[in-house]
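Q: Structure incoming, see below.
The values are calculated or read from the model by the stated rules, or taken from the named source; none is laboratory data. These numbers were taken from a predicted model, which means no experiment stands behind them. Neighbour counts are summed over all protein chains in view; Cβ atoms, including those assigned to glycine, are modelled from backbone coordinates with ideal geometry. These accessible areas exclude ligands, DNA and RNA; they are computed on the full protein's heavy atoms, side chains included. Shrake-Rupley method; radii C 1.70, N 1.55, O 1.52, S 1.80 Å.
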Amino acid sequence: MPAYNPVELILAKRSGQALDADQIGYFIDNYMTGNIPDYQMSALLMAVCFKGLNDAETAALTEAYLASGQTLAFPEVPPVGDKHSTGGVGDKISLMLAPILASLGMRVPMISGRGLGHTGGTLDKLEAIPGFRTQFGLREFQQLVEKHGCALVGQSEELVPADKRIYALRDVTATVESPGLITASIMSKKIAEGARHLAIDLKVGSGAFMPDLDRAHELARLLVQTGANFGQKVRVLFSNMNSPLGLAVGNGLEMIEAIEYLKGNPLRDTAILTTELCSQLLLSSGMAKDADDAIAQIDAAVKSGQALRKLEEIIIAQGGDAQVLEDYSRLGSARHKLPILAESAGYVHSIDARAIGYALVRVKAGRMKVTDALDYGAGALLMPKVGTKLEVGEPIGEIHCNDLVAGNEAVKLVRAAYSIRPESCPPEDLLLGSL
Ligand code: URA
């Protein structure tokens, strides 16, 4: 590989030129070996945020990320699938989708993340289960998937280390929101883990980092195109993140909601999204012949209890206490349950899901820094959706907390996140389209 001057590459990108695969590979390799310092990488990332990456550059960056670590490969049969969500409030879909699909015979090597800011993370929800391990070496991860059909783990040092380092840098240099950077980051991990079929839940709305559908479409196109470059079938579902998903927000509480779902007690919006994402993967992989067949298989996996038994198997395989399935008190406790009551009568016109996520950071259901400790028992149960009619004094929900002062603050902030007006308002659609 020829030696380049990093300053010239930054300048080229800053002036809007496309970099070629060698130049991108050079920059990433030399960043990883320490020849290019954080400040030059930060400058390049900022130039990318302003000038963008075209499809070829995005593919080259994905390739360079992949080359920084090891990759997993599974045999073609049974199909290997995974789902990625761009993050939201109350999003516990992975906790249901992974055991459902694994119980139907799909291999699901799921690499998940932690919550930060207003959004939650699957790993934190799973770690509400006492003993549940999420850190495994790459070979151990592969063995878990081969033996149990599924494992839900954090990103290991061996898998796409360039993304791990660069994502941390993007987080503190305001360079996260670039479609090319997001695509390379997501797709490199999903390709490296060996998934051949990927369903992406691209959240749009107040609780998502994509505020509108137009920008979400551009990101979706790039995700699908990049997947195709690496032989991966990617389907993108646009879903509404103007309201928290389901009932619970908070790690232990969301785990309970997911377990209840697998016991056959689903809530409407989580059921719609789980079914749709599972269906997309069953269809993409050829495991279902049509949409009706996919839905019938998903229903049977839940009704027969096989998906719940698969979750139990996964919990045990990853060192967790499977008694949580019957004894929810093991998932964390809250000394206080504070009601949130409507102060005016009317219809819910909008919900600021982002503000709810931040309000719950106060009771330690979420974190502002990666090092912040979580309280697994803390969170909220929130009932109304956009369009719901409320009377004065009617419950919007309740805050579960162990710190009363923080809990009372959260009550006020969550109540203020609901805009209640006298005129009626139609409910919002959860599914906003697909690609
Ligand atoms: N999730 C990721 O894994 N990477 C991004 O860049 C954004 C969201």
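Q: Being closer than 24 Å to Val108 by Cα and more than 16 Å from the ligand (Cβ to nearest atom) narrows it down to one residue among Leu223, Leu262, Leu213, Leu202; which is it?
A: Exactly one residue qualifies, and that residue is Leu262.
Q: Filter region 19-72 down to residues that are among the polar types (S, T, N, Q) and not in a helix (DSSP H, G or I) and give me whichever is nearest to the chain's Cα centre (by Cα).
A: Thr71
Q: Let me ask something else about it. (1) farther than 20 Å from Ala353 by Cα; (2) part of a helix (DSSP H, G or I): which one isn't true of Asp269, the others all being true?
A: (1)
Q: Would you be able to tell me the number of residues in region 133-163 that are of a type in the set (S, T, N, Q) and at pLDDT 95 or above?
A: Of the residues in region 133-163, 4 are of a type in the set (S, T, N, Q) and at pLDDT 95 or above.
Q: Do you know which residues across region 333-391 are in contact with a Ser or Thr (Cβ under 7 Å, 6 or more places away or on another chain) and among the small types (Gly, Ala, Ser)?
A: Passing the criteria: Ser350, Ala353, Gly357, Gly377.
Q: For region 316-325, how many residues meet the condition of being crowded, with 19+ Cβ neighbours inside 10 Å and in a loop (DSSP other than H, G, I, E, B)?
A: Residues in region 316-325 being crowded, with 19+ Cβ neighbours inside 10 Å and in a loop (DSSP other than H, G, I, E, B): 2 in total.
Q: For region 222-237, which residues satisfy the criterion of being open to solvent by less than 60 Å² (accessible area, probe 1.4 Å) and part of a strand (DSSP E or B)?
A: If the condition is that a residue be open to solvent by less than 60 Å² (accessible area, probe 1.4 Å) and part of a strand (DSSP E or B), then Val234, Val236, Leu237 are the ones that fit.
Q: Confirm whether Val77 is assigned to a loop (DSSP other than H, G, I, E, B) and of a type in the set (Val, Ile, Thr).
A: Against the criterion (assigned to a loop (DSSP other than H, G, I, E, B) and of a type in the set (Val, Ile, Thr)), Val77 qualifies.
Q: Looking only at region 175-187, filter to residues that are assigned to a helix (DSSP H, G or I) and of a type in the set (A, V, I, L, M, F, W, C); which one of those is nearest to Ala59 (Cα to Cα)?
A: Ala184
Q: Consider Glu313 against the criteria (1) free of Cβ contacts under 8 Å to residues at least 60 places away in the same chain; (2) open to solvent by 30 Å² or more (accessible area, probe 1.4 Å): it satisfies all of them except one. Which criterion is unmet?
A: Result: Glu313 passes all but (1).
Q: Would you say Asp29 is surrounded by 15 or more Cβ atoms within 10 Å (Cβ to Cβ), more than 30 Å from Pro244 (Cβ to Cβ) and free of Cβ contacts under 8 Å to residues at least 40 places away in the same chain?
A: yes
Q: Next question, about the same structure. Regarding region 88-107, can at least one residue be identified that is surrounded by fewer than 24 Cβ atoms within 10 Å (Cβ to Cβ) and free of Cβ contacts under 8 Å to residues at least 60 places away in the same chain?
A: There is no residue in region 88-107 that is surrounded by fewer than 24 Cβ atoms within 10 Å (Cβ to Cβ) and free of Cβ contacts under 8 Å to residues at least 60 places away in the same chain.
Q: Determine if region 185-198 includes at least one residue that is among the acidic types (Asp, Glu), under 14 Å from the mean Cα position of the chain (by Cα) and buried (at least 23 other Cβ atoms within 10 Å of the Cβ).
A: Checked region 185-198: no residue is among the acidic types (Asp, Glu), under 14 Å from the mean Cα position of the chain (by Cα) and buried (at least 23 other Cβ atoms within 10 Å of the Cβ).
Q: In this structure, does Val48 turn out to be in the same structural domain as Ser284 (by TED's automatic domain parsing), open to solvent by less than 20 Å² (accessible area, probe 1.4 Å) and touching a residue at least 40 places away in the same chain (Cβ under 8 Å)?
A: Judged against the criteria, Val48 is not a match.
Q: Next question, about the same structure. Tell me which residues, restricted to region 73-85, are open to solvent by 10 Å² or more (accessible area, probe 1.4 Å) and either touching a Gly at 6+ places or on another chain (Cβ under 8 Å) or over 15 Å from Thr274 (Cα atoms) (or both).
A: Listed by number, the residues that qualify are Ala73, Phe74, Pro75, Glu76, Val77, Pro78, Pro79.
Q: Follow-up question, since we're still on this one. With the structure loaded, tell me whether Ile256 is of a type in the set (Val, Ile, Thr), open to solvent by less than 10 Å² (accessible area, probe 1.4 Å) and either in contact with a His (Cβ under 9 Å, 6 or more places away or on another chain) or away from the ligand (no atom under 16 Å from the Cβ) (or both) or whether it fails that test.
A: Answer is no for this residue.
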